[in-house]
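Shown next, in structure tokens, is the structure this report addresses.
The values are calculated or read from the model by the stated rules, or taken from the named source; none is laboratory data. Since the model is a prediction, treat every value here as computed from it, not as a measurement. Neighbour counts run over all protein chains shown; Cβ positions are idealised from the backbone, glycine included. The accessibility values were calculated without ligands, DNA or RNA, using every heavy atom of the protein model including side chains. Shrake-Rupley method; radii C 1.70, N 1.55, O 1.52, S 1.80 Å.
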Amino acid sequence: MKLAASFLQSMVLTLLLVSLAACQNDPAVSVYDNYNDYPVYEGQDLGLQYSPSASTFKVWAPAAEALQVKLYAEGIDGEPLDSLALELGDQGVWSLTVEEDLLGKYYAFQAKYDGQWNAEVTDPYVKAVGVNGLRGHIINFYQTNPKNWDDDQRPALNNFNEIIIYELHVRDMTIHPSSGSGYPGEYFGLIEGGTKSPDGEATGLDHFKELGVTHVHLIPVFDHRSIDETRLKEAQYNWGYDPLNFNVPEGSYSSDPYDGARRISEFKQMVKTFHDNGIRVILDVVYNHTGQSEESIFNQLVPGYYYRQNPEGGFSDASACGNETASERAMFRKYMVESMRYWVEEYHMDGFRVDLMGIHDIETMNTVAAELHSIDPTIFVYGEGWKAGDSPLSEEQLAVKANTPQLKGIAAFSDDVRDAIKGHVFTHDATGFISGNETLKESLKFGIVAATQHPQVDYGDINYSEAAWAPQPDQCMTYMSCHDNHTLWDRLTLSRPEATEAEKIQMHKLAGTIVLTSQGVSFLHAGVDFLRTKDGVENSFNSPDAINQIDWSRKHEYREIFDYFRELIAIRKAHPAFRMTSTADIQKNLKFIDTDDENLVAYTLNGAAVGDSWKRIVVAYNGKDQAQGIEIPSGNWKIVVDGGVVNTEGIGQHSGGMIPVSRNAALILVEE
């Protein structure tokens, strides 16, 4: 009996040791000391891989105790058709292959931690979803391709300095009845041909072509949280900077958000039609935070990993939106790279505007750009070189504006020139150069040379920067307004309330002239070309259509302003002197003219040196409320811009010497 008992104890001990060893070798129950210990998956097949014969699901969740996928007949509500367990394999990836045709089914995942199942979610790599993005949708992507999709070609682009961007919100452009659109608020509304306002003005696609922009920038059109797609007949509005599913088009802009394939096919048709009409398309991407924190897809599947933590262990919040992502961690860096590559390969996107780029680390941004440029070197990447709050990552590691010299093939917005033009963005009554501020001359000159190094700029007198931060001019976004903050017209109303409408129009035109004749990459806010207003609302991210919509009657009312912008764009496109491609060229061929007044900036351009048909050019900006004179070299000068009027055939002639510059206006003379 003693021998039998001893043998039994030995067997139990052996089984316990074997069980303990198995647990120690099982990643599902391993305890990682920190997030850097998590395994990195090298494969390119996370998410769903569908074929008529089988569907394979793969989800990276190294620390999960179990993972299951639930299959549904519908994208919302209803009981699951089945619940299937995934198995943990190498590098923290759970997988399952279902050997039947699941086309048309919907699915969601659940991860188990501490003995409890987390909420049902899609996975980060989901590419088609049902209504409100709550469940993945199994579709045949080939069937979403529009006719001749494989022959789709990007419009020609020789260099980034040629780019002129028009930033817009899909709904804003066509939701007002004056747009004449048959698809108000939808993707297709942007690409209708022949739409007109009641006054007979071109709207939508024909407007973009008439204006002459090279790129449209779509503020978020990935699947975001704010709009309830089951209630689209009710008034709802949001810009969309609250990401849900990063790799899926937003459903509220499609004709049927319940159909996962519909939004995809309509988005592709939109892109192709833009391309067919000579316009490239830029996607506004918001990888710096997610619309939810604890409840987010990322956090439900891999708690904590995808986010930076504050000293207390909670979510750090450099985005001011509740959390910030950890781009420096291998699997989120991989996610950003693969996500943007996917938008290029599946949707033929031509560029990306990176929201709060200053939250992301430099290495990740350079990896992204290198990957995209390996596909097509003309894909344009730019972003906000700042963050909205403190981050646990040091400033030296982040893609902030001052670190632009470390970014390769990536541009940053110049808040220096933006606020030099119109005044400090958050001080609503502050004036800028265009409205009489006499302290911003050097900041404006800094903007004119696209934040590059120039011997005639005093870098000790710049509003925000202490040194040149753009190694080359195509790394500087030259702009005066965007979706954020007040429209330019509303800002002038706030900062110069005593000015007449005619006086403010002159200031507004001057701002447009500065942006479109300065070096760098030109960026325009939709509607700035006809004095867009949001009735003074500064942050209209969830304001109603009444505030955000484009009222196309203003294009007719202010046709003179539209024509002014249109003609300036034509000048920029025709004359390379305004878009030189190197800092060395700017240093050699752009020379500032000495002026005594702080509200007068003038310079010459050597067009002949950069192949321009205008051999010599003089540009002057007068921000003062009275005319001022400048001394120009002798020559056979033709005046092409003067006092808010553009005429490349010539407004007048001048032989050199003193010439007046009208109040709050620009003067451009050329010698052919």
Quiz item: Along the charge dipole of the chain, Cβ charges K/R +1 and D/E -1, which of Gly657, Pro405, Leu218 sits furthest on the positive end?
Solution: Gly657
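For region 145-190, rounded, prolate or oblate, judged on the Cα gyration tensor with a ≥ b ≥ c (square roots of eigenvalues), a/c < 1.5 rounded, else prolate if a/b > b/c? Let's see the in-between values first.
Numbers: a/c = 3.67, a/b = 1.42, b/c = 2.59.
Verdict is oblate for region 145-190.
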Quiz item: Roughly how many whole Å is it from the C-alpha centroid of region 55-82 to that of region 315-364?
Solution: 25
Practice problem: Specify the inter-centroid distance of region 373-413 and region 209-256, based on alpha-carbon positions, in whole Å. | Solution: 24
Exercise. Mind running the shape call on region 72-223? Use the C-alpha gyration tensor, a ≥ b ≥ c as the square roots of the eigenvalues: rounded below 1.5 for a/c, prolate if a/b tops b/c, oblate otherwise.
Key: prolate
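Can you give the percent of C-alpha pairs in region 344-424 whose distance is more than 19 Å?
Details: 1297 of 3240 pairs.
The proportion of pairs with Cα distances above 19 Å equals 40 percent.
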Quiz prompt | 15 Å Cα-Cα reach of Lys105 towards aspartates and glutamates, excluding residues that sit fewer than 8 places from it in its own chain | solution = Glu74, Asp77, Glu79, Asp82, Asp259
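Among the DSSP beta bridges whose two residues both lie in the chain, what percent are antiparallel, rounded to the nearest 5?
Working: 69 of 95 bridges.
Of all bridge pairs located within the chain, approximately 75 percent are antiparallel.
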Practice problem: Can you spot the aspartates and glutamates whose alpha carbon is less than 13 Å from Lys509's alpha carbon? Ignore those fewer than 8 places along the same chain. | Solution: Glu501, Asp529, Glu560, Asp563, Glu567, Asp642
Exercise. Could you work out how far the C-alpha centroid of region 543-587 sits from that of region 436-458, in angstrom?
Key: 21
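Got a number for carbon plus sulfur as a percent of region 227-336's accessible area, 1.4 Å probe? Walk me through the numbers before you get to the answer.
Values: 1440 of 3100 Å².
Of the solvent-accessible surface of region 227-336, carbon and sulfur hold 47 percent.
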Practice problem: Can you work out the accessible area per residue across the chain, with the rest of the protein chains kept in place, probe 1.4 Å, in square angstrom? | Solution: 37
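Nearest 500 deg cm²/dmol is fine: what mean residue ellipticity at 222 nm does the chain get from its DSSP H runs of n ≥ 4 alone, each adding -39,500 (n - 2.57), divided by its residue count?
-7500 deg cm²/dmol
Classify region 525-584 as rounded, prolate or oblate from the Cα gyration tensor: take a ≥ b ≥ c as the square roots of its eigenvalues, call it rounded if a/c is under 1.5, otherwise prolate when a/b beats b/c and oblate if not.
Oblate, since a/c reaches 1.5 and b/c is not below a/b.
Rg to Rh ratio, region 597-672, alpha-carbon atoms and Kirkwood radius? Before the final figure, lay out the partial values.
Details: Rg = 11.8 Å, Rh = 12.3 Å.
Answer for region 597-672: 0.96.
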Self-check item: Per-bin percent of Cα-Cα distances, the chain [20 Å]
Solution: 18, 48, 25, 7, 2, 0, 0
Quiz item: So what are the three principal axis dimensions of region 39-160 from its Cα atoms, in whole Å, longest to shortest?
Solution: 57, 35, 28
Quiz item: Which helices, counted as full DSSP H runs in the chain, have an axial Cα extent of no less than 15 Å and a Kyte-Doolittle average of -1.0 or above?
Solution: 2-24, 260-276, 330-347, 362-375, 501-517, 559-574
